Amino acid sequence: MKHFYLITNETKDPQGVYTERICTYLRRHGGEVVCVENTARAVSATVMRGYAHRDGDVCVLVLGGDGTLLRAVRNMMDSDIPLLGINLGTLGYLAEVESGNIEPALDKLLRDEYVREERMMLEGRVENQNVPEGNYALNDIVISRCGSLQILTFHIYVNGQFLNSYSADGMIVATPTGSTGYNMSAGGPIVEPGARLLLLTPICPHTLNTRSIVLAPEDEVRVEIPQGRDGQAQTVEANFDGSHKIVLQTGDSIVVRKAAKTTGIIKLNTESFLTVLHKKISE
């Protein structure tokens, strides 16, 4: 691989030290790299498609943390270019390359010593609103309160069949990739990222016997927003990977299913998922 697109996070690399380090190293070793300094404004599918004709000989390096990588995934939704995260954040389950191991990782890319994994994504489509298109998430779709603290009520349907009513601070529908994100913090199970399934996890449920539910990838989850306590109207937010929000009110529903799209993630590490997980948990 000789062609690279570098997306940087100015907050994590304010002086551009790591950005310059990566660009200089790649160019010295025969690589071609284009740098984008602001993910939100500058990354476009049009630019990405300009690289796509090179028979897959291109990837996007995302410098920052898992949040930066998730934003890059969203901005590149229509491209077929894989991403590799370089972690300048904290745990970094998605961004597998640590700051002290950048050059060896770049060498592997230049020598084509990598594997591309296709990660499952979610599509969430809001009913009862004039929202013609679905929104996508690699990690999770989180339905939670907006505004003052209050207990929320949700009605959950799976494949059109009523499952349960929840009183909780929110609901998480996560992919295996997202199992180590908010899902894990909310007490949900950790899943091997290459699996194909849906995770349904309540946030701070107001009961003692509520657990996460693991569903088949073909299942369709509908989260309905009913009236709240004492017949009051509810207003909540559906948040897609923490970067895009849609406001829902009593009477609205959001339908979540496995997306037809996938995200290509570059893997350089030959260690098993369990080994990596053990290291992350031990940090």
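Quick notes on this one:
- Within the listed set Arg71, Arg28, Arg257, the residue fluctuating most in the Gaussian network model of the chain (springs between alpha-carbon atoms under 10 angstrom) is Arg28.
- Residue-level accessible surface for Leu70, protein heavy atoms, 1.4 Å, Å²: 20 Å²
- Efficiency of FRET between Ser185 and Tyr157 - r from beta-carbon atoms, R0 41 angstrom, step 0.05: 0.95
- Residue of Gly31, Gly100, Gly170 that the Gaussian network model of the chain assigns the largest fluctuation, springs spanning Cα pairs under 10 Å: Gly100
- Note on the stretch 214-283 and the stretch 74-90: Cα centroid distance 18 Å, given to the nearest whole angstrom.
- Most fluctuating residue given options Ile254, Ile151, Ile86, as computed from a GNM of the chain linking Cα atoms under 10 Å: Ile151
- Expressed as a whole percent, the accessible surface of the stretch 124-280 that belongs to carbon and sulfur atoms is 48, based on a 1.4 Å probe.
- Theoretical ellipticity at 222 nm over the chain - DSSP helices of four or more residues, -39500 (n - 2.57) apiece, nearest 500: -5500 deg cm²/dmol
- For the chain, accessible area per residue (1.4 Å probe, heavy atoms of protein chains only), Å²: 47 Å²
- Gained length - Thr24 relative to Asp230, 0.36 nm times residue gap less alpha-carbon distance: 67.9 nm
- Residue-span extension gain [Glu103 to Glu220] - 0.36 nm each, minus C-alpha spacing: 37.8 nm
- Where the Cα pairs of the stretch 94-236 fall when distances are cut into 10 Å bins, in %: 10, 34, 31, 14, 8, 2, 0
- Across all Cα atoms of the stretch 137-212, the radius of gyration (one decimal) and Dmax (whole number) stand at 12.4, 38 Å.
- Rounded FRET efficiency, nearest 0.05, which uses the C-beta distance separating Thr210 from Val255 and R0 of 22 Å: 0.50
- Fraction of antiparallel bridges per DSSP, the chain only, in percent to nearest 5: 75 percent
- Quick note on the stretch 185-283: its Rg to Rh ratio, both from C-alpha atoms and Rh being the Kirkwood radius, is 1.03.
- Once both labels are positioned 7 Å from their Cα atoms along Cα-to-Cβ, the gap between Thr11 and Gln150 label points is 2.9 nm.
- Note on Arg125/His278: beta-carbon distance plugged into 1/(1 + (r/R0)^6) with R0 of 41 Å gives a FRET efficiency of 0.60.
The values are calculated or read from the model by the stated rules, or taken from the named source; none is laboratory data. Remember, it's a predicted structure, so these values are computed and weren't measured experimentally. Here the Cβ is made from the backbone with ideal geometry for all residues, glycine too, and neighbour counts use every protein chain on show. We work out accessible area using only protein heavy atoms, side chains counted, and drop any ligands, DNA or RNA first. Shrake-Rupley method; radii C 1.70, N 1.55, O 1.52, S 1.80 Å.
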